[in-house]
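Working notes, structure below.
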Amino acid sequence: MKYTVGEVLDYVAENDVKFIRLAFCDIFGTLKNISIMPSELPRAFEEGISFDASAIAGFMRVEESDLFLRPDPSTLVVLPWRPQQGRVVRMMCNIYHPDGRHFEGDGRWLLGECVSGLHQNGYDCRIGPECEFYLFKLDERGEPTQIPHDQGGYFDVAPFDKGENVRREICLTLEEMGICPESSHHEQGPGQNEIVFRHSDALEAADNLITFETVVRTIAARNGLYACLMPKPLMGKSGSGLHINMSLYQNGQNLFDEQNAQGFAIAQRFLAGILQHICEITVFLNPISNSYARFGGFEAPKYVTWSKQNRSQLVRIPAAKGTACRMELRSPDPLCNPYLAFLLLIQAGMEGVAQGLALSPPCDMDLFGASLDQTANLQTLPLTLGAACLLAQNSTFVKQNLPQSILQAYLQEKLEEACQHELCDDSRI
């Protein structure tokens, strides 16, 4: 249910709500929040709640540090893991300058503007993420280890799969929060799991993904485990991807449905636009040095190719009908900022539509088993964080679609991280 301001105020008054969390993300996709009391909620809607933006990575300088959070009432959810008496609710926020201007570093607002522009032109982009993660044991001090929760494999069942109860609790918690998971299962790696979401509006999908990460970590901790969303936590084992399923609608019709030849031609241009710009935006889809250890093995792509059904490709077109028809981008990982990632993917696709880009022929070979001769002429994704940063830094497309301030702050941080990685291995969990 999407609430209005009045409905939120009534709900808080009538349902024993004692704390309201105002949530937002920094430019790297890290969730932040501040809790306010119910008496402060009308002011939050009318004026916003100020915070020190100089303390948030990539936001503001000390000498101009005030920004304001205004909650989006349509995002109201109860946090089910908090007490039922004296409830805690959360709303995602947009961020404003003191003079009422939108803060240009607010990725959620940027994606919202992109979605509004799509709608004005008669289009709608629907996104359904598939997110993989590992469950690791904790040590005697409660700190995370790299010991997997189980030794199960793909689609295994109990007792080999020890994560089924955790996944069940995650899915039920998401349902309580109004988020619809479609399926869940054990993945290929030991202790690795996947949960698939029903497709939704791009902004809602990004909000849901941020919520999902919080739920996964919270439920894992309640079960004495550590949920790791790092792209490649175990060398020699499967990496964790964030497969992004995208469909493009026009006048209520799914353009990725091949039964509509005219519509599918537009969908092909959309895909062509994404393929054209994918290397330039990879740093926003794969944001840490460890991301690049995943490419090229265990069903993670390396080359800029597409095909139907083929899971060795960067993009595959799954076998599906009607509303399930879509493209699946397989390179992103769970640590990306979904607001910036979805924004750039949509803009790249729509540029392809506007320019009438022709889609390259499909690559129908198994790229994981292909010889060097077979792949010699294929373009590769950037294979290090530093290379991805330089491509974004020199990209006209990226500069046209992200504010200069956010781009500069993001790339400065990532270039420093890339330099540090050359001096020592990235061992973050």
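The values are calculated or read from the model by the stated rules, or taken from the named source; none is laboratory data. Nothing here was measured: the structure is a model prediction, and the numbers come from that model. Positions of Cβ are generated from backbone atoms using ideal geometry, with glycine treated the same way; all protein chains shown enter the neighbour counts. All accessible areas refer to the heavy atoms of the entire protein, side chains included, with ligands and DNA or RNA removed. Shrake-Rupley method; radii C 1.70, N 1.55, O 1.52, S 1.80 Å.
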Summed over the other residues with a beta carbon less than 11 angstrom from that of GLY297, with K and R at +1 and D and E at -1, the charge totals +3
Straight-line reach check, LYS232, cutoff 20 Å on alpha carbons, 8 or more apart in-chain or any other chain, hits among lysines -> LYS137, LYS302, LYS414
Projecting the Cα atoms of LEU174, LEU110, SER184 onto the charge dipole of the chain, where Lys and Arg contribute +1 and Asp and Glu -1 at Cβ, the residue farthest towards the positive end is SER184
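Please state the relative contact order of the chain as a whole percent: Cα pairs under 8 Å, 6+ residues apart?
Working: 846 pairs, mean separation 62.5, N = 429.
Taking the mean separation of contacting Cα pairs over the length of the chain, I get 15 percent.
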Inverse of <1/r> over all distinct C-alpha pairs of the range 247-302, i.e. the Kirkwood Rh in Å, gives 13.3 Å
In vacuo Debye sum over C-alpha of the range 319-429, base-10 log of normalised intensity I(q)/I(0) at q = 0.15 Å⁻¹, listed in q order, is -0.98
The aspartates and glutamates whose Cα lies under 14 Å from the Cα of LYS162, excluding any fewer than 8 residues away in the same chain, are ASP150, GLU187, GLU194
Binned at 5 Å from zero, the C-alpha pair distances of the range 1-45 give percents of 5, 19, 26, 23, 15, 9, 3, 0
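Could you check what % of the DSSP bridge pairs in the range 206-339 are antiparallel, to the nearest 5?
Working: 7 of 10 bridges.
Beta bridges within the range 206-339, antiparallel portion: roughly 70 percent.
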For the range 31-94, listing chymotrypsin sites (Phe, Trp or Tyr not before Pro) in a DSSP loop whose Cβ sees at most 15 other Cβ atoms within 10 Å gives TRP81
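Would you mind estimating how fast the range 112-270 diffuses translationally, via Stokes-Einstein at 20 °C and 1.002 mPa s with the Kirkwood radius over Cα pairs, in µm²/s?
Values: Rh = 17.1 Å.
Value of D from the Cα-based Kirkwood radius: 125 µm²/s.
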In Å, the C-alpha Rg and Dmax of the range 200-302 are 17.3, 53
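Please report the orientation-averaged projected area of the range 99-185, defined via the convex hull of its C-alpha atoms, in nm². Walk me through the numbers on the way to the answer.
Details: hull surface 42.0 nm².
Average of the hull's projected areas for the range 99-185 equals 10.5 nm².
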For the range 118-243, the dipole about the Cα centre with charges only on Cβ (Lys and Arg +1, Asp and Glu -1), to the nearest 20 debye, works out at 300 debye
Per its Cα gyration tensor (rounded if a/c is under 1.5, else prolate when a/b beats b/c, else oblate), the range 253-398 is best filed as oblate
Given unit charges at Cβ for Lys, Arg (+) and Asp, Glu (-), the dipole magnitude of the range 288-354 about its Cα centre in debye, nearest 20, is 280 debye
By the Cα gyration tensor axes a ≥ b ≥ c (a/c under 1.5 gives rounded; else a/b larger than b/c gives prolate, otherwise oblate), the shape of the range 50-91 is prolate
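Under 12 Å from the Cβ of THR4, count the other residues' Cβ atoms, weight Lys and Arg +1, Asp and Glu -1, and hand me the total. Write out the running numbers ahead of the final one.
Details: positive: LYS2; negative: GLU7, ASP10, ASP72.
That sum, taken over residues with Cβ under 12 Å, equals -2.
Which of the chymotrypsin sites (Phe, Trp or Tyr not before Pro) found in the range 340-429 are in a DSSP loop and have at most 15 neighbouring Cβ atoms, other than their own, within 10 Å?
On the way: sites: PHE342, PHE368, PHE397, TYR410; in loops: PHE368.
Those that pass, being in a loop and sparsely packed, are PHE368.
Do the sum for the chain: with -39,500 (n - 2.57) for every DSSP H run of n ≥ 4, divided by all residues, what is the mean residue ellipticity at 222 nm, to the nearest 500 deg cm²/dmol? Mind dumping the intermediate values first?
Working: 11 runs with 146 residues, N = 429.
Using -39500 (n - 2.57) per qualifying helix, the result is -11000 deg cm²/dmol.
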The range 339-412 and the range 218-245 have their Cα centres apart by a whole-number Å value of 25 Å
The Cα extents of the range 76-126 along the principal axes, largest first and rounded to whole Å, are 46, 33, 13
With x for Gly and Pro, the residue-by-residue ³J(HN,Hα) of the range 214-223, computed from phi through the Karplus equation 6.51 cos²θ - 1.76 cosθ + 1.60 at θ = phi - 60° and given in whole Hz, is 5, 5, 4, 5, 5, 5, 4, 4, 5, 9
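Which whole-number value in Å² is the accessible area per residue of the range 30-74, probe 1.4 Å? Could you put the intermediate results ahead of the total?
Numbers: 2410 Å² over 45 residues.
Per residue, the range 30-74 has an accessible area of 53 Å².
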Options [x] 35, 25, 20; [y] 57, 31, 19; [z] 33, 27, 23 are given for semi-axes √(5λ) of the Cα gyration tensor in Å, and the computed one is [z]
For the range 8-164, using Cα atoms only, the Rg and Dmax in Å read 20.1, 59
For the range 107-193, listing trypsin sites (Lys or Arg not before Pro) in a DSSP loop whose Cβ sees at most 16 other Cβ atoms within 10 Å gives ARG141
About its Cα centre, the range 71-169 carries a charge dipole, from +1 on Lys and Arg Cβ atoms and -1 on Asp and Glu Cβ atoms, whose size in debye to the nearest 20 is 400 debye
A student applying the Cα gyration tensor rule (rounded when a/c is under 1.5; otherwise prolate if a/b is larger than b/c, oblate if not) would label the range 11-79 prolate
Here the range 144-196 gives, from Cα atoms, an Rg and Dmax in Å of 11.5, 33
Expressed in angstrom and rounded, the centroid-to-centroid distance over alpha carbons for the range 43-110 and the range 161-198 is 29 Å
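At a 1.4 Å probe, what is the % contribution of carbon and sulfur to the accessible area of the range 317-375?
Details: 1260 of 2350 Å².
Exposed carbon and sulfur together represent 54 percent of the surface.
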Straight-line reach check, LYS308, cutoff 24 Å on alpha carbons, 8 or more apart in-chain or any other chain, hits among lysines -> LYS321
